[in-house]
Amino acid sequence: MQTELSKKLGVEHAIFGFTPFPAVAAAISRAGGFGVLGAVRYTAPDDLKRDLDWVEAHVDGKPYGLDVVMPAKKVEGVTEADVEAMIPEQHRKFVTETLAKYGVPELAEGEASGWRITGWMEQVARTQLDVAFDYPIRLLANALGSPPADVVARAHERNVLVAALAGSARHALKHREAGIDIVVAQGYEAGGHTGEIASMVLTPEVVDAVDPLPVLAAGGIGSGQQVAAALALGAQGVWLGSLWLTCTEAELTSSAVTRKLLAAGSGDTVRSRALTGKPARQLRTEWTDAWDDPNGPGTLPMPLQGLLVAEALTRIQKYEVEPLLGTPVGQIVGRMTSERSVQAVFDDLTRGFERAVDRMIRIAGRSGK
Ligand SMILES: Cc1cc2nc3c(=O)[nH]c(=O)nc-3n(C[C@H](O)[C@H](O)[C@H](O)COP(=O)(O)O)c2cc1C
């Protein structure tokens with residue numbers, strides 16, 4: 001499955017995989033795709049260094065990339081303590097009461113919540129880049145906005161291609177102005193932060209808007225037919241995030257989350273601000289329902305909401321409080337029905353793609369030879 005972009009990057013299949021897990025990123029690249037490690041959780045540069053060392057040692061010389069989060073709206077000049085001080089008491093009370101209602105235990109003395117807002121601050125993303133540029137990454141992707149001009153220039157000096165996620169043609173055009181090389185058109189169905197336009201509409205809109213810049217289609221892709229459809233819509237490849245979550249190489253924080261993902265249908269996700277304050281698709285749970293309830297206090301804007309719920313989410317995960325336990329995931333969760341290796345997922349995607357293309361060739365009445 002070769003396109004101009006996959007040839008340029010030297011990969012066998014134009015399948016790009018976003019993942020927060022180093023073992024999954026390396027396995028995607030080894031399987032002939034392009035693994036992209038999500039950096040947002042690495043607030044300590046040494047942790048990122050350790051994991052990039054690991055990826056480097058396990059990709060068998062295949063190319064891979066890094067994804068950072070530099071939001072268009074900056075959170076600069078404020079500390080976490082400043083943000084903490086902006087959180088209304090009413091919202092803190094709501095968190096305490098909701099956790100108490102479900103009997104969620106406290107963290108042990110000295111145990112910190114696993115997630116902070118710092119991963120979303122540009123200065124932290126820049127320290128991640130300082131680390132990453134010492135590795136032979138081939139792609140740098142940015143979520144939630146266009147990367148700053150100096151970052152694009154720094155990447156280009158090192159022969160690193162720059163990608164950015166877009167939920168609309170307008171965003172994609174802004175990215176093009178910022179000098180990026182690849183647009184990831186991410187539809188409404190996708191896991192994580194999403195816009196309001198479905199992939200079927202978004203992909204060709206973005207392809208036409210930024211032509212001849214290459215576009216990767218993201219959101220709702222989990223089978224070879226869907227890969228074929230994305231390429232038919234003009235994309236030069238696909239960008240998948242959810243499908244890897246139930247791969248055997250994924251290090252999810254809790255096996256209860258894996259069980260929930262395997263059981264969920266395509267209608268079991270919701271686009272909610274409960275996680276970060278920006279709409280993000282995730283499993284629908286009693287936690288997201290509580291935040292989306294019109295009788296509740298409602299969510300706070302980013303980055304307040306993320307900081308408000310960070311400790312609560314750590315407690316819910318640690319104690320596996322089933323009704324509240326969730327994760328970002330897209331509508332494709334309905335097809336994630338068994339735990340498989342990344343290689344098995346790839347075999348399925350590439351065989352399914354060939355079948356879909358053969359079928360289209362038959363329909364078109366051509367031999368394909
Ligand atoms: C658990 C999870 C975490 C994500 N975190 C990020 C992130 O930090 N940065 C980013 O660019 N995209 C992130 N995404 C979105 C993916 O990059 C990708 O665009 C999306 O998953 C594609 O749609 P799909 O979920 O239907 O495959 C995340 C997606 C998931 C499922």
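Below are the figures for this structure:
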{"quantity": "Taking W54, W239 and counting other C-beta atoms within 10 Å, the order from fewest to most", "calculated": "W54, W239"}
{"quantity": "Rounded FRET efficiency, nearest 0.05, which uses the C-beta distance separating E339 from R362 and R0 of 22 Å", "calculated": "0.05"}
{"quantity": "Helical contribution to [θ] at 222 nm, DSSP H n ≥ 4, -39,500 (n - 2.57), averaged over the chain, rounded to 500", "calculated": "-12500 deg cm²/dmol"}
{"quantity": "Charge-dipole axis of the chain as Lys and Arg at +1 and Asp and Glu at -1 on Cβ define it, positive-most pick from H58, F346, A153", "calculated": "F346"}
{"quantity": "Charge context of A280, other residues only, Cβ under 9 angstrom, K/R +1, D/E -1", "calculated": "+4"}
{"quantity": "Gap separating the Cα centres of the range 76-113 and the range 1-46, nearest whole Å", "calculated": "34 Å"}
{"quantity": "Local electrostatic count at V201 - Lys and Arg +1, Asp and Glu -1, tallied over other residues with Cβ under 13 Å", "calculated": "-4"}
{"quantity": "Gained length - A44 relative to A198, 0.36 nm times residue gap less alpha-carbon distance", "calculated": "51.9 nm"}
{"quantity": "Proxy reagent accessibility, fewest Cβ within 10 Å first, across F16, F353", "calculated": "F353, F16"}
{"quantity": "R351-Y102 pseudo-label distance in nm [points 7 Å out on the Cα-to-Cβ vector]", "calculated": "3.8 nm"}
{"quantity": "M86, M200, M70 arranged by Cβ crowding within 10 Å, fewest neighbours leading", "calculated": "M86, M200, M70"}
{"quantity": "Residue-span extension gain [S254 to E322] - 0.36 nm each, minus C-alpha spacing", "calculated": "23.4 nm"}
{"quantity": "Cα convex hull volume per residue for the chain (Å³)", "calculated": "138 Å³"}
{"quantity": "Set of aspartates and glutamates near K318 by C-alpha distance (under 18 Å), chain-local residues within fewer than 8 positions excluded", "calculated": "E106, E109, E111, E251, E286"}
{"quantity": "Too-long pairs where the Cα-Cα distance tops 28 Å, listed order kept, from K62/K174; K7/K260; K7/K174; K8/K278", "calculated": "K62/K174; K7/K260; K8/K278"}
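A short reminder: the numbers here are calculations on the coordinates, not readings from a lab. Predicted model only: the values in this text are computed from it and were never measured. Here Cβ is always computed from backbone atoms with ideal geometry, including for glycine, and neighbour counts include all displayed protein chains.
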